[in-house]
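Structure first, then comments.
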Amino acid sequence: MRTPRTSVARQQRTIIVRIMIAKIADLLNELRIAEAERIDQEQIRHTTTIGDMYEGLTASVLERAIPQEADLRIVSGFAETSSGVMSGQTDCMLVSGSGRQLPYSKASV
């Protein structure tokens with residue numbers, strides 16, 4: 001049976017974790033804004049390259065936010081169902097497990 005102190009301590013820890021997550025989210029958002037300005041300063045007009053830069057920025061921010069212990073990775077490529085049905089190309093995915101690298105490509109499945 002929990003004592004009132006245990007319950008209060010757990011609530012306090014939950015509040016602290018939520019505050020920490022909010023602070024980290026704010027920091028990552030500031031990083032995203034600053035780096036997006038850096039991308040805009042390049043004055044690149046090639047839309048594929050612009051897309052690549054923003055996808056790279058998104059992946060960079062996500063990689064900083066995900067703890068390494070979580071066994072999660074940021075990849076681009078395709079999702080595949082257990083029956084082998086393949087999705088369309090996805091620029092940036094948060095995945096668990098190993099998947100597989102497509103030959104001669106940076107894309108994963």
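Here are the numbers for this structure:
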read-out	value
Criterion violated by residue 41 - all others in (1) under 26 Å from residue 23 (Cβ atoms); (2) surrounded by fewer than 10 Cβ atoms within 10 Å (Cβ to Cβ); (3) at pLDDT 85 or above satisfied	(1)
Every residue from the range 54-109 that is under 27 Å from residue 34 (Cβ atoms) and in a loop (DSSP other than H, G, I, E, B)	66, 67, 106
Selection status of residue 55, in contact with a Ser or Thr (Cβ under 8 Å, 6 or more places away or on another chain), closer than 16 Å to residue 108 by Cα and outside the structural domain of residue 109 (by TED's automatic domain parsing)	yes
Of all residues making up the range 77-105, the number that are farther than 20 Å from residue 60 by Cα and free of Cβ contacts under 8 Å to residues at least 12 places away in the same chain	10
Residue in the range 67-89 that is farthest from the chain's Cα centre (by Cα), counting only those that are surrounded by 11 or more Cβ atoms within 10 Å (Cβ to Cβ) and hydroxyl-bearing (Ser, Thr, Tyr)	87
Qualifying residue in the range 46-62 (condition: at pLDDT below 85, surrounded by 11 or more Cβ atoms within 10 Å (Cβ to Cβ), touching a Cys at 6+ places or on another chain (Cβ under 9 Å) and of a type in the set (A, V, I, L, M))	yes
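The values are calculated or read from the model by the stated rules, or taken from the named source; none is laboratory data. Fair warning: this is a prediction, and the values are worked out from it, not measured in the lab. Neighbour counts are summed over all protein chains in view; Cβ atoms, including those assigned to glycine, are modelled from backbone coordinates with ideal geometry.
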